[in-house]
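These notes concern the structure reproduced below.
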Amino acid sequence: MIPHAAVEDADAICDALRDRGACRLPAFPDAAATQALREDLVRLRDAGALAPAAVGRGTGRDLRAEIRGDATLWLDDPRAGAAAAAYLASLDALRIAINRRLFLGADEVEAHYAEYPAGARYARHRDRFRDDDARVVSCVTYLNPEWRDTDGGALRLALEGGDIDIVPRTGSIVFLSELEHEVLPATRERRSIAAWMRRRPR
């Protein structure tokens, strides 16, 4: 079971990351912010701003829909709205709180909108690359308030005690970027934000 914590309770979040590798934030962001972010994502999608996501890095980057089927746009893109800027600021405040307690050296946040069409998936992977350990903490935020458990699309997170599936409804999950995880196919469009707390390259 992944512990729950309020975003204000940084000690509980850090204890969960240290002990379990993951923590659920069921009310982060709040309902108003979730709605604003969802509307911004849909606006951007309808304007054609989202682009198919690639896998790999550098010269190895490639579009592989059978591995990763979402379309994305970075939240710091000029086309993103005020809701995205406000949420980046909230994520950065969370980064500061976590970093003060766990001494991870994380000095920046990056995040993007993601929309998965029905049937799309993201195969099992780690957010921390083999040749780049800059990403230390990952955060996935869900923008699907009317999601039903039967719609699928869960985040499957590999914890020490076994895999656990997170329904992509609302709230966020924070986890160590070294943990393996995957996005399971859904029967409808699935909207989220993927974010990472990063440290400078060593």
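The values are calculated or read from the model by the stated rules, or taken from the named source; none is laboratory data. Just so you know, these numbers come straight off a predicted model, no measurement behind them. FYI the Cβ positions are ideal-geometry reconstructions off the backbone, even for glycines, and counts take in every protein chain you see.
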Long-range neighbours under 6 Å by Cβ, at least six apart or interchain, first residue closer than 16 Å to S177 by Cβ within segment 94-110, second modelled with pLDDT of 95 or more and surrounded by fewer than 18 Cβ atoms within 10 Å (Cβ to Cβ): V109/D92
Would you confirm whether any residue within segment 107-118 is outside any loop (DSSP other than H, G, I, E, B), touching a strand residue (DSSP E or B) at 6+ places or on another chain (Cβ under 8 Å), of a type in the set (G, A, S) and within 29 Å of A49 (Cβ to Cβ)? yes
Filtered residues of segment 151-202 (kept if of a type in the set (A, V, I, L, M, F, W, C), more than 21 Å from A33 (Cβ to Cβ) and touching a helix residue (DSSP H, G or I) at 6+ places or on another chain (Cβ under 7 Å)): L176, A186
Candidates D46, D76, D40, D70 - the one that is modelled with pLDDT of 80 or more, surrounded by fewer than 18 Cβ atoms within 10 Å (Cβ to Cβ) and under 17 Å from the mean Cα position of the chain (by Cα): D76
All conditions in (1) surrounded by fewer than 17 Cβ atoms within 10 Å (Cβ to Cβ); (2) in contact (Cβ under 8 Å) with a residue 60 or more places away in the chain are true of A10 except (1)
Any residue that is under 16 Å from the mean Cα position of the chain (by Cα), buried (at least 16 other Cβ atoms within 10 Å of the Cβ), aromatic (F, W, Y) and modelled with pLDDT under 95 - is there at least one of those in segment 118-125? yes
The residue that is nearest to A194 (Cα to Cα), considering only those in segment 155-173 that are touching a Pro at 6+ places or on another chain (Cβ under 8 Å) and surrounded by 19 or more Cβ atoms within 10 Å (Cβ to Cβ), is S172
Only one of these is within 24 Å of A186 (Cα to Cα) and aliphatic (A, V, I, L, M): A86, A123. Name it. A123
So, in segment 13-34, how many residues would count as being basic (K, R) and either free of Cβ contacts under 8 Å to residues at least 60 places away in the same chain or assigned to a helix (DSSP H, G or I) (or both)? 1
Among A82, A6, A51, which is the only one that is closer than 23 Å to H125 by Cα and out of contact with any helix residue (DSSP H, G or I) (no Cβ under 7 Å at 6 or more places or on another chain)? A51
For segment 171-182, state whether one or more residues are closer than 24 Å to L41 by Cα, touching a Gly at 6+ places or on another chain (Cβ under 9 Å) and of a type in the set (S, T, N, Q). no
Within the group R101, R64, which residue is surrounded by 13 or more Cβ atoms within 10 Å (Cβ to Cβ) and touching a Cys at 6+ places or on another chain (Cβ under 7 Å)? R101
